[in-house]
Amino acid sequence: MRADAARRRAAILREARHLFATSGGDVPLETVAAAAGVGIATLYRNFESRAALADEVVLATFADMAAAATDALEDAARDPDAAWTRFVGRLVDLELGAVTAALAEHADGELTSDVRDAQDRTLAAVGEVLAGARSAGVVRAELTPLELVIAVGMITRPQPAVVHQEVPDLVPHLVAVLLAGLRAGGAAG
């Protein structure tokens with residue numbers, strides 16, 4: 001793939017993930033194309049359908065989550081608490097609500113094998129981070145990888161504009177609450 005074509009494809013994926021996170025999975029594809037600075041024909045040359053675009057958003061997000069897990073595992077040797085906090089922050093920055101919105105495209109059908117395999121690998125990587133954080137006494141024992149991903153996804157789901165007006169720092173506040181609640185030694189829920 002030519003460098004300019006690769007940049008356009010990356011821009012489409014980046015904007016689709018952001019728009020899925022902020023506007024939901026049914027955002028018009030014309031809006032995605034415009035946000036990426038391409039025409040709708042370019043979007044369709046790269047992604048044959050909304051489902052294909054959703055799959056690629058999910059796969060790219062899973063790859064970013066796996067990279068965050070790898071970095072967290074490397075950083076944990078120096079400072080497990082800071083590594084855990086940065087890891088959760090990176091998951092939040094990935095707008096995991098976008099994955100949820102993109103997966104909603106598959107609500108009535110099966111996930112593709114590529115998406116299912118990537119999901120399994122990613123949850124295993126998150127599990128490794130959790131295991132390290134548990135052994136360092138940073139996070140409570142009962143938290144599962146899927147629960148963490150779902151919690152971060154819920155925090156990063158699109159909210160009505162009025163919510164952002166009333167509580168402009170909602171996501172950072174909820175992340176702080178989540179991190180405090182996941183601390184080892186906290187009361188079980």
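Here, each number is a calculation from the coordinates, and none is a lab measurement. What you see is a predicted model, and the numbers here were worked out from it, not measured in a lab. In this analysis, Cβ positions are derived from the backbone assuming ideal geometry, glycine residues included, and neighbour counts consider all displayed protein chains.
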Inset, instruction - Scan the range 1-44 residue by residue and report those that are within 20 Å of residue 99 (Cβ to Cβ) and either small (Gly, Ala, Ser) or touching a strand residue (DSSP E or B) at 6+ places or on another chain (Cβ under 7 Å) (or both). - result: 10, 11, 16, 21, 23, 24, 25, 35, 36
Inset, instruction - Scan the range 146-170 for residues that are in a helix (DSSP H, G or I) and surrounded by fewer than 19 Cβ atoms within 10 Å (Cβ to Cβ) and jot them down. - result: 146, 147, 150, 154, 161, 162, 163, 164, 165, 166, 170
Inset, instruction - Pull up the range 35-62, narrow it to residues that are under 17 Å from residue 6 (Cα atoms) and of a type in the set (Gly, Ala, Ser), then point me to the one that is surrounded by the fewest Cβ atoms within 10 Å (Cβ to Cβ). - result: 41
Legend entry - Out of 110, 56, 15, 30, sole residue that is over 23 Å from residue 128 (Cβ atoms), among the acidic types (Asp, Glu) and outside any helix (DSSP H, G or I): 110
Inset, instruction - Spot the failing condition for residue 22; the list is (1) farther than 30 Å from residue 173 by Cα; (2) out of contact with any helix residue (DSSP H, G or I) (no Cβ under 7 Å at 6 or more places or on another chain); (3) surrounded by 16 or more Cβ atoms within 10 Å (Cβ to Cβ), and only one is missed. - result: (1)
